Amino acid sequence: MLDAYRDLIDELLETPNVIRGAIDAQGEGNVPVEARRLIAGLRDRDRAVLGRAQSMTRQDTPYVQVLRLEEPDADDPLADLLEEMETARGDLVSLLINLSLKDWERQAIHETEGEITLADEIERHVEYDEDQRRQLRELMS
């Protein structure tokens with residue numbers, strides 16, 4: 001079980017490297033606005049998932065709603081977007097690294113899915129992350 005959680009964390013750690021690599025290959029001046037929005041969206045979703053994970057570890061069976069994020073603001077300089085994305089990802093991963101096995105199985109009541117665990121929430125986030133990396137590769141090619 002612990003290996004599965006480590007794999008989730010490793011997946012999350014991989015994304016900032018993939019993004020930096022794609023930007024380095026393309027050149028910062030050639031990053032399309034859609035890619036900048038994608039980076040801002042990852043930052044915003046990481047922040048939201050961190051908040052949910054914190055509530056799931058601090059409360060007994062909290063109620064969580066479907067994630068509804070606003071359109072990400074990609075007007076900031078690319079360097080700032082990248083730094084904010086990496087900080088948000090680092091905060092989330094730091095929380096996850098310090099969880100006990102019991103914490104991964106903490107439950108919440110999801111608005112549409114019923115009972116979920118923190119592991120379910122992070123798995124869903126990793127799937128979102130994989131989709132965003134695929135879209136970034138398409139945008140940057």
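If we only count helices (runs of 4 or more DSSP H) wholly inside segment 27-141, which ones have 2 or more residues that are touching a Phe, Trp or Tyr at 6+ places or on another chain (Cβ under 9 Å)? Steps first, answer last, please.
Numbers: elements: 33-58, 78-97, 101-104, 118-140.
Answer list for segment 27-141: 33-58, 101-104, 118-140.
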**Request:** Could you pull out the residue among ASP91, ASP120 that is in contact with a His (Cβ under 9 Å, 6 or more places away or on another chain), surrounded by 13 or more Cβ atoms within 10 Å (Cβ to Cβ) and either modelled with pLDDT of 95 or more or on the phi > 0 side of the Ramachandran plot (or both)?
**Result:** ASP120
**Prompt:** Do the conditions hold for VAL66, that is, is it surrounded by 15 or more Cβ atoms within 10 Å (Cβ to Cβ) and of a type outside the set (Gly, Ala, Ser)?
**Reply:** no
**Message:** Checking GLU86 against (1) over 18 Å from ASN17 (Cα atoms); (2) modelled with pLDDT of 95 or more, only one condition comes out false. Which one?
**Reply:** (1)
**Fill in**
Pairing a residue in segment 1-26 that is touching a residue at least 24 places away in the same chain (Cβ under 8 Å) and of a type in the set (Phe, Trp, Tyr) with any residue that is exposed (fewer than 14 other Cβ atoms within 10 Å of the Cβ) and assigned to a helix (DSSP H, G or I), where Cβ atoms lie under 9 Å and the two sit 6 or more apart in sequence or on different chains, gives TYR5/LEU101
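For segment 32-47, give me the residue count where each residue is over 15 Å from the mean Cα position of the chain (by Cα) and crowded, with 20+ Cβ neighbours inside 10 Å. It would help to see each step written out before you state the result.
From segment 32-47, those over 15 Å from the mean Cα position of the chain (by Cα) are 32-36; that's our starting set.
This time we only want the ones that are crowded, with 20+ Cβ neighbours inside 10 Å, so: 35-36.
Selection size over segment 32-47: 2.
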**Prompt:** Could you list, in sequence order, the residues of segment 82-125 that are touching a residue at least 60 places away in the same chain (Cβ under 8 Å), of a type in the set (A, V, I, L, M, F, W, C) and farther than 14 Å from LEU67 by Cα?
**Reply:** LEU82, MET85, LEU92, VAL93, LEU96, ILE97, LEU99, LEU101, TRP104, LEU118, ALA119
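The values are calculated or read from the model by the stated rules, or taken from the named source; none is laboratory data. Here the structure is a predicted model, which is why all the values come from computation and not from measurement. Note that we place each Cβ from the backbone using ideal geometry, even for glycine, and neighbour counts take in every protein chain shown.
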